[in-house]
Amino acid sequence: MSFVLSTILGTIAGNMAFNININFIYFLLSLFIMSVIGYLLTLISLKSNKARKWISGEPTIIIKDGNLLDQNMKKCKYTLDSLEQGLRSKDIFDLKEVEYALLETNGTLSVLKKLDYRNVMKKDIIADL
């Protein structure tokens, strides 16, 4: 939501700077109205979980129990190339390493590796002694 609002406000400000045919007060009015709408949507999403899901959306499960969910990827218009790119940014180069992956509402990928591929923690070493 904030990206869309920022784009709209930037477009209005850009038009205000270069379009001399429209009265300046209309630009100020449109900036004010869009700012108020953004503020109200933010307040509503803070107060209501149901409204937040409608305004911002929900994370989408892409990989569950190591299985790729093609339907969810199609629903989000998320390609296998995009998934692989997101996994590489998490230092994962093989889909077989992933137990669970979520496509967050901001477009980032959250990943849980399978147990065999997770990093060793200090508590794991101490527990084995």
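The values are calculated or read from the model by the stated rules, or taken from the named source; none is laboratory data. Computed from a prediction, not measured in an experiment: that's the story for all the values here. Reconstructed Cβ throughout: ideal geometry from the backbone, glycine too, with neighbour counts over all protein chains shown. Each accessible area value is taken on the protein alone, full model and side chains, heavy atoms only, with ligands, DNA and RNA left out. Shrake-Rupley method; radii C 1.70, N 1.55, O 1.52, S 1.80 Å.
Return yes or no: is F27 exposed (fewer than 12 other Cβ atoms within 10 Å of the Cβ) and not charged (D, E, K, R)?
Numbers: exposed (fewer than 12 other Cβ atoms within 10 Å of the Cβ): no; not charged (D, E, K, R): yes.
For F27, the condition - exposed (fewer than 12 other Cβ atoms within 10 Å of the Cβ) and not charged (D, E, K, R) - is not met.
Kindly evaluate G10 against the criterion of being without any contact (Cβ under 8 Å) to a residue 24 or more places away in the chain, open to solvent by less than 60 Å² (accessible area, probe 1.4 Å) and in a helix (DSSP H, G or I).
Details: without any contact (Cβ under 8 Å) to a residue 24 or more places away in the chain: yes; open to solvent by less than 60 Å² (accessible area, probe 1.4 Å): yes; in a helix (DSSP H, G or I): yes.
The answer is yes for G10.
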Do we find a residue being under 30 Å from D116 (Cβ atoms) and part of a strand (DSSP E or B) anywhere in the stretch 43-58? no
For the stretch 97-129 the number of residues that are without any contact (Cβ under 8 Å) to a residue 12 or more places away in the chain and either among the polar types (S, T, N, Q) or under 20 Å from D70 (Cβ atoms) (or both) is 3
Failed condition for S45, given (1) among the hydroxyl-bearing types (S, T, Y); (2) closer than 30 Å to A101 by Cα; (3) open to solvent by 40 Å² or more (accessible area, probe 1.4 Å), with all others met? (3)
Selection within the stretch 77-108 - over 28 Å from K53 (Cβ atoms), open to solvent by less than 50 Å² (accessible area, probe 1.4 Å) and either among the β-branched types (V, I, T) or part of a loop (DSSP other than H, G, I, E, B) (or both): I92
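Say we look at the stretch 109-126 and pick out the residues that are in a loop (DSSP other than H, G, I, E, B) and basic (K, R); which of these is least open to solvent (accessible area, probe 1.4 Å)? Even if it seems obvious, please write down each step before you answer.
If we filter the stretch 109-126 for residues that are in a loop (DSSP other than H, G, I, E, B), which is where we start, we get 114, 118-121.
Filter once more, keeping what is basic (K, R): 114, 118.
On the way: K114: 63, R118: 103 Å².
Taking the candidates together, the pick is K114.
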